[in-house]
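Student: Sharing a structure here in structure tokens format.
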Amino acid sequence: MEFAYSPKVLDLQAQVTDFLNTKIMPAEAVHREQAGEHGPWAQPPILEELKIQARARGLWNLFLPGEGGAGLTNLEYAPLAEISGRSPMLLPEAMNCSAPDTGNMEVLVHFATPAIKERWLTPLLAGEIRSAYSMTEPDVASSDANNIRTEITEEGDGFRIKGRKWWSSGAMSPRCQILVVMGLSAPNGERHKRHTMIAVPMQTPGVNVLRSTSVFGFSDGSHGGHAEIDFDVWVPRDHLLGELHGGFAIAQARLGPGRIHHAMRLIGMAERAFDIMCERAYTRFPFGKALAEQGVFQDWVAEARIRIEQARLLVLKTAWLMDTVGNRGAAVEISAIKVSTPQMAAWVIDRAIQTCGGAGVSQDFPLAEMYAQARMLSLADGPDEVHKMALARRELRRYAPST
């Protein structure tokens with residue numbers, strides 16, 4: 001693995017950093033004010049202005065290696081995603097690189113029919129609409145995807161979808177026009193060949209949004225909120241994504257790159273928290289000397305830097321493996337970063353909150369919202385315990401006695 005970034009990546013890093021420092025950071029306060037005026041899920045006008053600027057700079061769809069994207073590998077995109085994590089509520093969306101749209105666009109690129117691509121992928125790539133992902137269900141342990149029970153049955157020249165989903169990321173946005181839905185289509189089929197994935201237009205009769213669900217009290221409007229949805233809908237057959245009963249494999253293909261994206265953004269969040277923590281330490285003087293001179297605080301600084309660097313190296317290795325041997329060959333590392341990066345970011349952000357005192361939990365700093373997002377990501381895309389179980393089983397296979 002080559003540790004030095006290519007000239008292309010270094011140039012993009014400089015461009016994204018300049019955009020962050022000159023446009024995004026000054027706009028954060030405006031974004032918060034406008035979000036309060038327009039509601040938690042509406043797109044504030046400042047965001048549309050930033051999207052126009054990002055696109056003009058060529059900082060658009062950087063996550064997507066193929067059709068409609070920037071042609072970057074996972075390893076090339078990783079450091080750019082890290083920079084976007086420094087302003088997680090604003091910069092990813094400004095560059096059209098925010099979840100769940102990134103994963104949904106990848107699914108549509110690889111598995112949608114030409115008609116569905118033209119109707120939904122094209123405006124998603126242009127940042128004109130948003131999408132949602134409906135996989136998790138309230139009535140089963142969705143940490144095991146085989147438990148998903150929303151029914152998908154063939155009906156006429158299409159499919160009937162019946163069931164309830166929640167944590168449908170993106171569905172509260174008024175700009176959300178398409179849902180990627182996973183359901184049970186072959187109850188008696190062999191394991192991992194029981195489910196199907198289908199594109200469902202948001203305005204389809206029978207899509208009933210029941211409520212939004214918050215994360216530690218935050219609406220998480222940066223990506224369109226989360227929704228609980230009842231489905232009793234019919235869609236035409238050409239809305240099928242990939243093969244019938246092939247939804248589990250599509251879900252796994254979708255989540256692999258997404259975990260790299262989340263992991264790098266978490267490192268960026270941790271670096272932003274680290275900056276805040278260290279800057280604050282020179283402005284507060286408890287018991288006669290600056291926090292920066294206190295031994296306990298210095299221990300936090302050292303520990304934070306060690307954890308951030310360890311996480312970054314593991315994520316870059318994982319991205320490199322995904323590019324060279326594929327998601328299956330990187331399975332152990334993907335599980336490892338899924339567990340380690342949220343824990344690392346939550347630890348660093350927590351110490352930054354503690355350093356800032358009462359201000360750390362207030363709206364004067366982004367730390368509380370960042371902490372909520374980091375903590376949530378120990379559950380999203382599969383809880384830590386499931387990834388540890390999968391990782392351990394893969395490792396133990398190497399030591400199992402031959403029979």
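Student: Once every DSSP H run of n ≥ 4 in the chain is given -39500 (n - 2.57) and the sum is divided by its residues, what mean residue ellipticity at 222 nm do you get, rounded to the nearest 500 deg cm²/dmol?
Tutor: Rounded to the nearest 500, the figure is -15500 deg cm²/dmol.
Student: Which lysines have a Cα less than 30 Å from the Cα of LYS8, not counting those fewer than 8 places away in the same chain?
Tutor: Filter leaves LYS23, LYS51, LYS117, LYS317, LYS338.
Student: Further question on the same structure: Can you tally the net charge around VAL209? Count Lys and Arg as +1, Asp and Glu as -1, for every other residue whose Cβ sits under 12 Å from the Cβ of VAL209.
Tutor: Local charge sum for VAL209: +1.
Student: Can I ask one more? For the chain, divide the Cα radius of gyration by the Kirkwood radius and give the resulting Rg/Rh value with two decimals.
Tutor: A ratio of 0.98.
Student: Across segment 249-397, how large is the tail of the calculated P(r) beyond 27 Å, expressed as a percent of all Cα pairs?
Tutor: Here the long-distance tail beyond 27 Å is 29 percent of all Cα pairs in segment 249-397.
Student: Once a ≥ b ≥ c are taken as the square roots of the eigenvalues of the Cα gyration tensor of segment 1-97, is the result rounded (a/c under 1.5), prolate (a/b larger than b/c) or oblate (a/b not larger than b/c)?
Tutor: Prolate.
Student: From the mean inverse distance of alpha carbon pairs (Kirkwood) and the Cα radius of gyration, derive Rg over Rh for segment 167-238.
Tutor: Here Rg/Rh amounts to 1.04.
Student: Taking the Cβ of each residue in GLU82, GLU2 as the centre, tally the other Cβ atoms inside 10 Å and list the residues starting with the fewest.
Tutor: GLU2, GLU82
Student: While we're looking at this one, here's another question. Compute the Kirkwood hydrodynamic radius of segment 226-310, taking the inverse of the mean of 1/r over all pairs of distinct Cα atoms, and give it in Å to one decimal.
Tutor: After inverting the pairwise mean of 1/r, the radius is 17.6 Å.
Student: Shifting gears a bit: Only sites in a loop by DSSP and with at most 14 other Cβ atoms within 10 Å count here; which GluC sites (Glu not before Pro) in segment 133-231 make the cut?
Tutor: GLU190
Student: Percent of Cα-Cα pairs per 5 Å bin, from 0 to the last occupied bin, for segment 91-229, please list those.
Tutor: Binned Cα distances yield the sequence 2, 10, 19, 22, 21, 15, 7, 3, 0.
Student: Turning to a different aspect of this structure: Quick check: net charge around GLN15, other residues with Cβ under 15 Å of its Cβ, Lys/Arg +1 and Asp/Glu -1?
Tutor: Cβ neighbours under 15 Å give a net charge of +1.
Each value in this text was obtained by applying a stated rule to the coordinates, not by laboratory testing. Quick caveat, the model's predicted, so the values are computed rather than measured. Backbone-built Cβ (ideal geometry, glycine too); neighbour counts: all protein chains shown.
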